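Chemist: Please find one structure pasted underneath; my questions will follow.
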Amino acid sequence: MNIWNKIIIGAISAIVIAVLYVPSVRSEEKNNPPVSQDSLKLIQLKPGNLPKLIDLGSKSCIPCKKMAPILEEMKVAYKDRADVVFIDVNEDRPATLKYKVTLIPTQIFFDTTGTEVFRHVGFFPADSITSHFKALGVK
């Protein structure tokens with residue numbers, strides 16, 4: 001493993017540790033943690049609707065930034081056939097615990113019953129996402 005890989009892994013690990021373990025400074029955030037708009041959509045969706053892809057990341061993480069246009073493309077390509085949701089772990093800390101996220105970005109696929117069927121950590125290209133949607137029966 002070269003030095004750049006070690007630096008990148010170390011930086012990502014530091015970000016994840018900061019996101020998961022650094023306590024909130026403001027007490028109202030502890031009592032009422034912020035919830036992203038996409039998380040609200042997840043709460044409103046009921047099992048049995050559509051297969052889902054949830055990408056948990058950060059707007060400041062480099063691999064997450066590379067995923068952003070792919071996720072937007074998938075939202076358009078699979079509109080009304082699958083849900084594609086981005087959750088910023090800095091804005092929605094409870095989601096990191098709920099989905100047991102240890103590194104970002106993390107992509108989680110759910111079937112129509114709400115059961116997790118696949119999880120990936122790191123950058124995930126569009127063709128791989130398409131393959132997993134096809135495996136879930138999304139055309």
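Chemist: 7 Å from Cα along Cα→Cβ at both ILE62 and LYS75: what's the point-to-point distance in nm?
Modeler: The two pseudo-label positions are separated by 2.5 nm.
Chemist: Ok, one more. Which far-off residues, 5 or more places away or on another chain, put their amide H under 5 Å from the one on ASP83, with H placed in the peptide plane?
Modeler: LYS52, LEU53
Chemist: Okay, next question. Scan around VAL117 for amide H atoms under 5 Å from its own, H built in the peptide plane at 1.01 Å from N, and keep only partners 5 or more places away or cross-chain.
Modeler: PHE109, PHE110, ASP111
Values quoted throughout were computed directly from the atomic coordinates according to the rules given, and no laboratory measurement underlies them. These numbers come from a predicted model, not from an experiment. Every residue, glycine as well, gets a Cβ built from its backbone with ideal geometry; the counts of neighbours run over all protein chains shown.
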